[in-house]
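The values are calculated or read from the model by the stated rules, or taken from the named source; none is laboratory data. It should be emphasised that the depicted structure is a prediction, and the values quoted were computed from it without experimental measurement. Cβ coordinates were reconstructed from backbone atoms using ideal geometry, including for glycine residues, and neighbour counts include every protein chain displayed.
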């Protein structure tokens, strides 16, 4: 049983303000995740591509390929995060 659940049921009150604060932190976490994901993919692609370019002397091909693959992966992950948020909102509002 979640904290405060019995109190809200016993008194007929809605969830307390601490619950709203907790939800706000969850939304803040999701909001901060999107820019980090968008930056991490191309950055990791650049680092790996740069290392491969030095190993195989193929500059700048591997950096370009790494940044492209990293950017694509980041966009796909942001799309998945946004779909997940949409499913949460549908579940919360009771829409099907």
Output for the range 66-96, where each listed residue is more than 26 Å from residue 26 (Cβ to Cβ) and in contact with a helix residue (DSSP H, G or I) (Cβ under 6 Å, 6 or more places away or on another chain): 66, 67, 69, 70, 71
Only one of (1) assigned to a helix (DSSP H, G or I); (2) surrounded by 10 or more Cβ atoms within 10 Å (Cβ to Cβ); (3) at pLDDT 80 or above does not apply to residue 91, and that is (3)
Identity of the residue in the range 27-42, more than 10 Å from residue 74 (Cβ to Cβ) and touching a helix residue (DSSP H, G or I) at 6+ places or on another chain (Cβ under 7 Å), that ends up modelled with the highest pLDDT: 33
